[in-house]
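Right, one structure below, let's go through it.
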Amino acid sequence: MTTTERDGAAYRRPRRKRRHPLRWLIALVLLAAGGWFWFQWQCWGLQTTHAQAALSGLPQGFDGYKIVHLSDLHGHEYGEDSRELLERTAAEQPDLIVITGDLIDQKGQLEMIPALAKGLAAIAPTYYVTGNHEWALGTGTVKELKGLLSQCGVTPLSNQYQVLERGGDRIVLAGVDDPNGYADQTTPEELYTQIENGEPGLFTLLLAHRNDHFGQYANAGYDFVMSGHGHGGIVRLPFVGGLVGADRRFFPPWTSGVYTVGDSTLFVSRGLGNNTTPFQGFRIFNRPELAVITLKVEA
């Protein structure tokens, strides 16, 4: 018999529920796929950010001057012929576009330069300084890259400066090659002395790849510095900021946004790409950044 009498009522032994391993497997696959797509979005989901830099000594004519800051692309293309990157840049209607190094990682990536450079130069005056990764490819590749950029309308600044004019006022735009370049190259301090001798008293905006050299640039006397290099600290933690520096140091300073040391201000881009160096091949809570900085006269 399948039933017994217990306390005067029929009792049937409960049947075991059948397990459904296929459901668990589907759930795990969906979870893994969602995690993978989220990770890819973190690494390559382009984000446009906006910041203001209130700068002491900035001439009134440059109040509201808008700069698009690109850095650390590492040969990545956002869309065919960098279409997405160019469209987002054009939408900001910048007065100036700056590229602060690590544009490519491999010589074969020179093929992407013409479309990108011509597209940027058609939007606004565009300037470039080298990063450590270009020099790692050799001086010949650096020369080829600079020549190609120049042909396409982008101006490399190799320990040089130019004067920019707006609203009847003038500032100096300077750029230094990465320290991985020539051993006897002009130092940032020497370049600042040249600026003071040629254009004394003008506000100075310096393009330099390495964010972790900000102390040197501030001590030299530059008013405003724009850098990349640190990839935003690779992983960004709430209330903490970047986790890992380009030198593998934990909790590095100056990883993203605006900082001030003494009379000098720094803006650091989180960068646009990743590289294959350990700890720099991914991003977490730190999406690639097309940074838009508006200069303001400090009140």
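Kindly indicate whether any position in region 226-247 is in contact with a strand residue (DSSP E or B) (Cβ under 7 Å, 6 or more places away or on another chain), among the aliphatic types (A, V, I, L, M) and within 24 Å of Thr294 (Cβ to Cβ).
The answer is yes, given that some residue of region 226-247 is in contact with a strand residue (DSSP E or B) (Cβ under 7 Å, 6 or more places away or on another chain), among the aliphatic types (A, V, I, L, M) and within 24 Å of Thr294 (Cβ to Cβ).
Quick one: which strands (runs of 3 or more DSSP E) lie wholly within region 213-299 and hold at least 1 residues that are open to solvent by 20 Å² or more (accessible area, probe 1.4 Å), without any contact (Cβ under 8 Å) to a residue 12 or more places away in the chain and farther than 22 Å from Gln42 by Cα?
Where strands (runs of 3 or more DSSP E) fall fully within region 213-299 and carry at least 1 residues being open to solvent by 20 Å² or more (accessible area, probe 1.4 Å), without any contact (Cβ under 8 Å) to a residue 12 or more places away in the chain and farther than 22 Å from Gln42 by Cα, they are 257-261.
For residues that are over 23 Å from Thr186 (Cα atoms) and within 16 Å of the chain's Cα centre (by Cα), tally how many sit in region 97-115.
3
Being open to solvent by less than 40 Å² (accessible area, probe 1.4 Å), of a type in the set (A, V, I, L, M, F, W, C) and within 14 Å of Lys107 (Cβ to Cβ) is the filter here; which residues of region 117-147 pass it?
Trp135, Val142, Leu145
Glu77 versus (1) touching a residue at least 60 places away in the same chain (Cβ under 8 Å); (2) closer than 22 Å to Gly281 by Cα; (3) open to solvent by 10 Å² or more (accessible area, probe 1.4 Å); (4) charged (D, E, K, R): which is the lone unmet condition?
(1)
Only one residue in Gln185, Gln162 is open to solvent by 40 Å² or more (accessible area, probe 1.4 Å) and not basic (Lys, Arg). Which one?
On inspection, the qualifying residue turns out to be Gln162.
Looking at (1) closer than 19 Å to Gly271 by Cα; (2) among the charged types (D, E, K, R); (3) modelled with pLDDT of 95 or more, which one does Asp105 not meet, given that it meets all the others?
Of (1) closer than 19 Å to Gly271 by Cα; (2) among the charged types (D, E, K, R); (3) modelled with pLDDT of 95 or more, only one is false for Asp105: (3).
Among Leu86, Leu103, which is assigned to a helix (DSSP H, G or I) and open to solvent by less than 40 Å² (accessible area, probe 1.4 Å)?
Leu86
Exactly one of (1) part of a loop (DSSP other than H, G, I, E, B); (2) open to solvent by 20 Å² or more (accessible area, probe 1.4 Å) is unmet by Asp177. Its number?
(2)
The values are calculated or read from the model by the stated rules, or taken from the named source; none is laboratory data. Because the structure is a prediction, the values reported are computed rather than measured. Glycine also receives a Cβ, built like all others from the backbone with ideal geometry; neighbour counts cover every protein chain displayed. Only protein heavy atoms, including side chains, enter the accessible area calculation; ligands, DNA and RNA are left aside. Shrake-Rupley method; radii C 1.70, N 1.55, O 1.52, S 1.80 Å.
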